[in-house]
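Novice: One structure coming up, written as structure tokens, with questions to follow.
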Amino acid sequence: MVTQVAKWGNSQGIRMDKRTLNSLGLCVGDTVEILKNGEDIIVKPTHGIDWYPQDYESPSLADNWEHIEPRGREEW
């Protein structure tokens, strides 16, 4: 599909026809991430999330947490 960047209110947008959206597994209202890879532009569905598990750094659990004192009204 060939399309053009169009003015949309105070923004600009790229329109896709329904056939292209369906072939990409997208529908109106879906969120996408736009990436640049060299000269290529990649439009990637986010499936409703704004973070990726591989980007999340989980907190490490203390190996020996028994020494931690309560900070609020917790009872141990």
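The values are calculated or read from the model by the stated rules, or taken from the named source; none is laboratory data. Just so it is clear, the structure is predicted and the values come from calculations on it, not from any experiment. Note that each Cβ is placed from the backbone with ideal geometry, even for glycine, and that neighbours are counted across all protein chains shown. Heads up: the accessible areas ignore ligands, DNA and RNA and are worked out on the full protein's heavy atoms, side chains in. Shrake-Rupley method; radii C 1.70, N 1.55, O 1.52, S 1.80 Å.
Novice: Which one is modelled with the highest pLDDT among residues in the range 38-73 that are among the charged types (D, E, K, R) and in a strand (DSSP E or B)?
Specialist: Selected residue: 40.
Novice: Continuing with this model, one more query. Please work out which one of (1) modelled with pLDDT of 90 or more; (2) within 16 Å of the chain's Cα centre (by Cα); (3) open to solvent by 90 Å² or more (accessible area, probe 1.4 Å) is the condition residue 35 fails and give its number.
Specialist: It is condition (3) that residue 35 fails.
Novice: On to the next question. What are the residue pairs meeting all of these: first residue in the range 8-33, first residue over 15 Å from residue 44 (Cβ atoms), second residue assigned to a strand (DSSP E or B) and among the charged types (D, E, K, R), Cβ atoms under 9 Å, and 6 or more apart or on different chains?
Specialist: 13/7
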